[in-house]
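FYI, it's all coordinate maths here, none of it is from the lab. Keep in mind that this is a model prediction, so the values were computed, not measured. Positions of Cβ are backbone-derived with ideal geometry, glycine not excepted, and every protein chain shown enters the neighbour counts.
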Amino acid sequence: MHARRSSKRDSTRGRLDGFSMVEVVISIFVVSVLITASLNTVGASVKGTKQISSAAQGALLAQELMSEILTLPYVDPDAPSLTIGKELGESSTKREDFDDIDDYDGWSKASLENRDGTARPGMTGWSRTVSVVYVSAADLVTPTVVDTGIKRITVRVTFLTKFVAELCALRSGPAALQVLKKVYPKATPVLVPDPEVI
Ligand SMILES: [Ca+2]
Ligand SMILES: [Ca+2]
């Protein structure tokens, strides 16, 4: 009787062990698939994160340069000129020598530097360019050749020759600001005091 019960228990354990083994195998297989899928997901996520990170970094670099530009006056303080670009006698490509916003027009640097020209370590591959054009209140896209009282500044950022971010800002005098307010009543202007007016 005891021997028969023992035999039955052994048989049951054998089936359980057998099921367990199958379950384990299935579990490993499923886990393996999940791990593989997870690794693929993580790989895609890391790639996506890098792209997001590059876009975020590019946006920050564009904002940083734009903030620097907007601290300067609308026109040259020493030689007010209607012509976009550096004034007569100004030839430096150093940003610290620029004294009005359109001195930045055409500025381009294939490496990342601080305003004083010192290199920024750990930022290989980044480059920034700036353009400054006159635009009209009625058309903020198409550049005009005459002084409309509105300058559009565009900062473009690339990473490893790939376009990453672009930031545009308008700078105007008080008169043109009133025109802009009428044309775009729902827009909220960010009032940046002109250093020459303060
Ligand atoms: Ca200047
Ligand atoms: Ca200038």
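Put in order of Cβ neighbour count within 10 Å, fewest first, the listed residues Tyr104, Tyr184, Tyr134, Tyr74 become Tyr184, Tyr134, Tyr74, Tyr104.
Pairs spanning more than 25 Å between alpha-carbon atoms, out of Lys109/Lys186; Lys151/Lys181; Lys86/Lys182; Lys109/Lys151; Lys109/Lys181; Lys86/Lys162: Lys109/Lys186; Lys86/Lys182; Lys109/Lys181; Lys86/Lys162.
Compute the signed sum of charges (Lys and Arg +1, Asp and Glu -1) over the other residues within less than 12 Å, Cβ to Cβ, of Lys94. Please list the in-between numbers first.
Values: positive: Lys86, Arg95, Lys109, Arg115; negative: Glu90, Glu96, Asp97, Asp99, Asp103, Glu113, Asp116.
Summing Lys and Arg as +1 and Asp and Glu as -1 gives -3.
With only Cα atoms counted, segment 45-160 has Rg and Dmax values of 15.8, 53 Å. Once R0 is set to 35 Å, what does the formula 1/(1 + (r/R0)^6) return for the Cβ-Cβ distance between Glu90 and Lys186, expressed as a FRET efficiency to the nearest 0.05? It comes to 0.35.
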